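Engineer: Encoded as C-alpha cells, here's the structure I'll be asking about.
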Amino acid sequence: MSEEKPSGWAIGWTAFAGITMIIMGGWWLISGLVALFNSEFYVVTQNWIFQFDIATWAWVHLIIGIIVLLAGFGIFSGQVWARTVGVIIAVLATLVAFAWLPYFPIWAILYIVVSIAIIWALTVHGRDITMA
C-alpha cells in the first residue's frame, strides 16, 4: 500500500479554508462589536420575517465569530473536530447571513459566498492538510 502525498492544490484549498475562517471569524466579531457599541450603525428599512433587535444580532455575530475563529485555528493543527465544526458553522453562518440581508446586504452576501467556499474546501480537501 503506497501512501500518496496530497497535491499542493489540495493543501492550498484547505489552508484557504482555515485562513478564511479566521478572517471571517474576525469579521463576525467586528460586526457584533459595532452593533453592540453603536446600535444605529445598521439601517433597517422594512419589517422582515427574521426581525430581531440589534443587540440580539450583535450577540449572534459575536458567538459565531468566536466559534469560527477557533475552528479556523484548529484546521491548521489537523483536528477533525475543527473541520466538522467549520462545515457546520459555515452552514449556520450562511443561514444567519441570509437572515441579516435586510440589515447590511453587501456584507451578508460576502459572508454567504465565503461560507460556501469554506464548505467546499473542507469537504473536498479537509484531511489533506494533515497528510502534508
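Engineer: Which of the residues spanning the stretch 39-57 are modelled with pLDDT of 75 or more and either farther than 17 Å from TRP107 by Cα or of a type in the set (Ser, Thr, Tyr) (or both)?
Structural biologist: Hits for the stretch 39-57 are ALA55, THR56.
Engineer: Which of the following residues is open to solvent by less than 40 Å² (accessible area, probe 1.4 Å), at pLDDT 85 or above and assigned to a helix (DSSP H, G or I): LEU70, LEU62? Can you show your working first?
Structural biologist: Numbers: LEU70 fails: open to solvent by less than 40 Å² (accessible area, probe 1.4 Å).
Answer to the selection: LEU62.
Engineer: Now for a different question. Which residue out of ILE88, ILE109, ILE11, ILE22 is crowded, with 16+ Cβ neighbours inside 10 Å, modelled with pLDDT of 80 or more and under 24 Å from VAL124 (Cβ atoms)? Full working, then the answer.
Structural biologist: Details: ILE88 fails: crowded, with 16+ Cβ neighbours inside 10 Å; ILE109 fails: crowded, with 16+ Cβ neighbours inside 10 Å; ILE11 fails: modelled with pLDDT of 80 or more.
Residue meeting the stated conditions: ILE22.
Engineer: Which numbered condition trips up GLY126, out of (1) touching a Lys or Arg at 6+ places or on another chain (Cβ under 8 Å); (2) modelled with pLDDT under 85; (3) open to solvent by 20 Å² or more (accessible area, probe 1.4 Å)?
Structural biologist: Of (1) touching a Lys or Arg at 6+ places or on another chain (Cβ under 8 Å); (2) modelled with pLDDT under 85; (3) open to solvent by 20 Å² or more (accessible area, probe 1.4 Å), only one is false for GLY126: (3).
Engineer: In the stretch 91-106, what count of residues is obtained for those that are part of a helix (DSSP H, G or I), of a type outside the set (Val, Ile, Thr), at pLDDT 85 or above and open to solvent by less than 40 Å² (accessible area, probe 1.4 Å)? Even if it seems obvious, please write down each step before you answer.
Structural biologist: The initial filter retains those residues of the stretch 91-106 that are part of a helix (DSSP H, G or I), namely 91-99, 105-106.
If we keep only those that are of a type outside the set (Val, Ile, Thr) too, we end up with 92-93, 95, 97-99, 105.
Keeping just the survivors that are at pLDDT 85 or above gives 92, 95, 97-99, 105.
Next, from what is left, pick out any that are open to solvent by less than 40 Å² (accessible area, probe 1.4 Å): 97, 99.
Qualifying residue count for the region: 2.
The values are calculated or read from the model by the stated rules, or taken from the named source; none is laboratory data. Keep in mind that this is a model prediction, so the values were computed, not measured. With ideal geometry, Cβ positions are generated from the backbone for all residues, glycine too; neighbour counts draw on all protein chains shown. For the accessible areas, the whole protein counts, side chains as well, though only heavy atoms, and no ligand, DNA or RNA atoms are used. Shrake-Rupley method; radii C 1.70, N 1.55, O 1.52, S 1.80 Å.
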